[in-house]
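A short worksheet on the structure shown next.
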Amino acid sequence: MNPLPGPGLYIHFPWCVSKCPYCDFNSHPLDGDLDENGYLAALIGDFEANAGDGRFATAFLGGGTPSLFSAAAIRALLERLRPRLAEGAEITLEANPGVVEHGAFGAYRQAGINRLSIGAQSFSGAMLARLGRIHGPDEIERAVAEARAGGFDNINLDVMYGLPEQRAEDALADLKQAVALEPDHLSWYQLTIEPKTAFARHPPPTPDESAIAAMEEAGRALLAKAGYRRYEISAYARPGAECRHNLVYWTFGDYLGIGAGAAGKRRRAGQVVRTSKPRQPRLYLKDPGAVSESPVPNRELPGEFMMNALRLVEGVERRTFTDRCGLPWSSVAPTWERTTAMGLTEPSRIRATPFGLRHLDRLVQFFL
Ligand SMILES: C[S@@+](CC[C@H](N)C(=O)[O-])C[C@H]1O[C@@H](n2cnc3c(N)ncnc32)[C@H](O)[C@@H]1O
Ligand code: SF4
């Protein structure tokens, strides 16, 4: 039996109310009405054309803003997918606290969503405005309360740090408020200035390296004390609440991506193949089943694998490398010995040392 998680199903919803200035996800400001039925039909056609056989262990409805879609639409989609989802599959929906109608969370839960990921980002009203968010702190609290009341017992909050002019105490205040809402999982991301975003065109003043290091040290201590175990570079969970879908990515597992701009990855006839879909909703809708495939050359596999697996605090067993890449350990052994001699990796497990985790980008470079 293969103890590794997967395969996963990623479903992309490419629209948002407006574009946040830091975001480079495939999200398009909704202009006019949302054609729920048209997009739903496209997703189902896409799935049927590309899903192959077998059942999916996880499904992740991400965006964009999937919560723009009504619970009835999500229910209709999940009903079609249900026979192809494993029993007990983790089914996540990303929700923007500014785009969920009152009472909708219970309906999403009844539609079959069993994990909710809420984009909080910060609990400072002024910071949320600066980040172009369409909600204030109160809506985040309301969203969590309504989600719990609606029956969700697996909730993630996304919070960012290293925000414009943020001081360590501001970042900690955000975390304290996040923890006070008792989420099961917390994704705590450092803000990155992505090319071609509004923040890249007009860079805001962000904290320097030493301020970031101070935030990280204090933030991690706060989260540990509150019972959240760091299991991936940016992911913290209460015991048992680790995100199974993201673990598919981090263990370099297979996943099908459907929807505009969705990426996928699968092993076929001993080769790792990446798939992609047109990013523009208009183009995607013309031919939802169409998919571009690009085989990953063997020489690129170690780098891609390590880029994912080394993010995991516990790492993975060595045989996972062979299971997922189809390559012998000897293909990376000399590099591994080197990074181990430098104190970046452990000798017998695919795992970064605490020092290696702090310098993950540099560590991964050795395998690229
Ligand atoms: C696809 S978005 C999520 C959900 C929803 N659209 C929302 O924003 O509420 C996934 C998460 O990635 C994080 N993120 C997006 N852009 C980022 C950036 N430039 N740097 C760091 N984190 C970022 C945010 O925390 C965001 O909630
Ligand atoms: S709401 Fe989320 S996906 Fe949409 S633009 Fe903002 S961060 Fe990006």
Select from the range 85-116 the residues that are away from ligand 2 (no atom under 16 Å from the Cβ) and touching a residue at least 60 places away in the same chain (Cβ under 8 Å) and list them in ascending order.
-> Leu85, Glu90, Arg115
His185 being under 19 Å from Ser234 (Cα atoms) and modelled with pLDDT of 95 or more = yes
Can you tell me which residues in the range 39-69 are in contact with a Cys (Cβ under 9 Å, 6 or more places away or on another chain) and more than 22 Å from Glu87 (Cα to Cα)?
-> Gly63, Gly64, Thr65, Leu68
Is one or more of the residues making up the range 316-329 under 29 Å from Ala213 (Cβ atoms) and basic (Lys, Arg)?
-> no
Those residues of the range 203-217 which are touching a residue at least 12 places away in the same chain (Cβ under 8 Å) and open to solvent by 40 Å² or more (accessible area, probe 1.4 Å) amount to Pro205, Thr206, Ala214
Those residues of the range 188-202 which are open to solvent by less than 20 Å² (accessible area, probe 1.4 Å) and without any contact (Cβ under 8 Å) to a residue 60 or more places away in the chain, in sequence order = Trp188
The range 117-135, subset open to solvent by less than 20 Å² (accessible area, probe 1.4 Å) and over 10 Å from Leu93 (Cα atoms), residue farthest from ligand 2 (Cβ to nearest atom) | Phe123
Name the one entry in Asp170, Asp138, Asp158, Asp174 that is free of Cβ contacts under 8 Å to residues at least 40 places away in the same chain and not hydroxyl-bearing (Ser, Thr, Tyr).
-> Asp138
For the range 257-368, list the strands (runs of 3 or more DSSP E) that sit wholly inside it and hold at least 3 residues that are over 30 Å from Ala49 (Cα atoms); which are they?
-> none
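The values are calculated or read from the model by the stated rules, or taken from the named source; none is laboratory data. The structure presented is a predicted model; accordingly, all values stated were derived computationally and were not measured. Neighbour counts are summed over all protein chains in view; Cβ atoms, including those assigned to glycine, are modelled from backbone coordinates with ideal geometry. To get the accessible areas, we keep the full protein, side chains included, count just its heavy atoms, and leave off ligands, DNA and RNA. Shrake-Rupley method; radii C 1.70, N 1.55, O 1.52, S 1.80 Å.
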